[in-house]
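Notes follow once the structure below has been shown.
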Amino acid sequence: AGDFTIYAAIKAGSKGKVIAFEPDVTSYAMLCANIRLNRLTNVVVLKKGLWSADGQLSITGTAFASQLSADSHKYPTQVPVCSLDNELGRMGIDRADFIKMDIEGAELDALEGMGLTMEQKPYLAIASYHLKDGVRTSALIEPLLRKKGYRVVTENPEHLTTFGLR
């Protein structure tokens, strides 16, 4: 619905910009409506999912229960996906200061598409309570971020989040 997008846009102020990615039709409509309702002018909403590369993937479920999937036979609805590096390049944005992700298990895939962006060490807040092949994503994200030079903290048991700090 855009709770964090609205918060970030208010904090960023008139000199900042928030870019929100939302591939699900229902969530996209709610996010756009909430941005209009709050009269935010510093938010760009892209109807795409974040992934390791640009392309098309299937989407399962709807709204808050939607997930990206490579299984197009089981889930025929396709949505555009992009890497953050590629999308920021297309937008002419040369740096990101803060990245928040809660993308229902696709966080590791999205991190693969953020190599250039992560070289600049933006602060990260990544939902890491999902399971990938039976392993909590926090256990997979933490070593990846350490390898990239981040100080890593995972906390908030109600909504496990891994933070990448400079």
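The values are calculated or read from the model by the stated rules, or taken from the named source; none is laboratory data. Here the structure is a predicted model, which means the values were calculated and not measured. With ideal geometry, Cβ positions are generated from the backbone for all residues, glycine too; neighbour counts draw on all protein chains shown. Only protein heavy atoms, including side chains, enter the accessible area calculation; ligands, DNA and RNA are left aside. Shrake-Rupley method; radii C 1.70, N 1.55, O 1.52, S 1.80 Å.
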Looking for something in contact (Cβ under 8 Å) with a residue 40 or more places away in the chain, in a loop (DSSP other than H, G, I, E, B), open to solvent by less than 40 Å² (accessible area, probe 1.4 Å) and not β-branched (Val, Ile, Thr) - is there at least one such residue anywhere in the range 63-83? yes
Odd one out for Ala53 among (1) of a type in the set (A, V, I, L, M); (2) closer than 17 Å to Glu22 by Cα; (3) in contact with a helix residue (DSSP H, G or I) (Cβ under 8 Å, 6 or more places away or on another chain); (4) not in a loop (DSSP other than H, G, I, E, B): (4)
Pairs where the first residue, in the range 102-120, is over 23 Å from Asp3 (Cβ atoms) and the second is part of a loop (DSSP other than H, G, I, E, B) and of a type in the set (D, E, K, R), C-beta under 9 Å, 6+ apart: Gly113/Asp54; Gly115/Lys148; Thr117/Arg95; Met118/Lys148; Glu119/Lys148; Gln120/Asp94; Gln120/Arg95; Gln120/Asp97
Does Asp94 satisfy being open to solvent by 10 Å² or more (accessible area, probe 1.4 Å) and touching a Ser or Thr at 6+ places or on another chain (Cβ under 6 Å)? no
Could you tell me whether the range 130-137 includes any residue that is surrounded by fewer than 18 Cβ atoms within 10 Å (Cβ to Cβ), modelled with pLDDT under 95, within 15 Å of the chain's Cα centre (by Cα) and on the phi > 0 side of the Ramachandran plot? no
Among (1) among the charged types (D, E, K, R); (2) surrounded by 16 or more Cβ atoms within 10 Å (Cβ to Cβ); (3) within 24 Å of Gly2 (Cβ to Cβ); (4) over 13 Å from the mean Cα position of the chain (by Cα) - the single one Glu142 does not satisfy: (3)
Picking from Gln78, Gln67, which residue would you name as being farther than 18 Å from Asp54 by Cβ, in contact with a strand residue (DSSP E or B) (Cβ under 6 Å, 6 or more places away or on another chain) and modelled with pLDDT under 95? Gln67
Anything in the range 112-128 that is under 14 Å from Gly89 (Cα atoms) and surrounded by 15 or more Cβ atoms within 10 Å (Cβ to Cβ)? List them, or say none. Gly113, Met114, Leu116, Thr117, Met118
May I ask you to say which residue of Glu22, Glu87, Glu104 is in contact with a His (Cβ under 7 Å, 6 or more places away or on another chain) and not basic (Lys, Arg)? Glu104
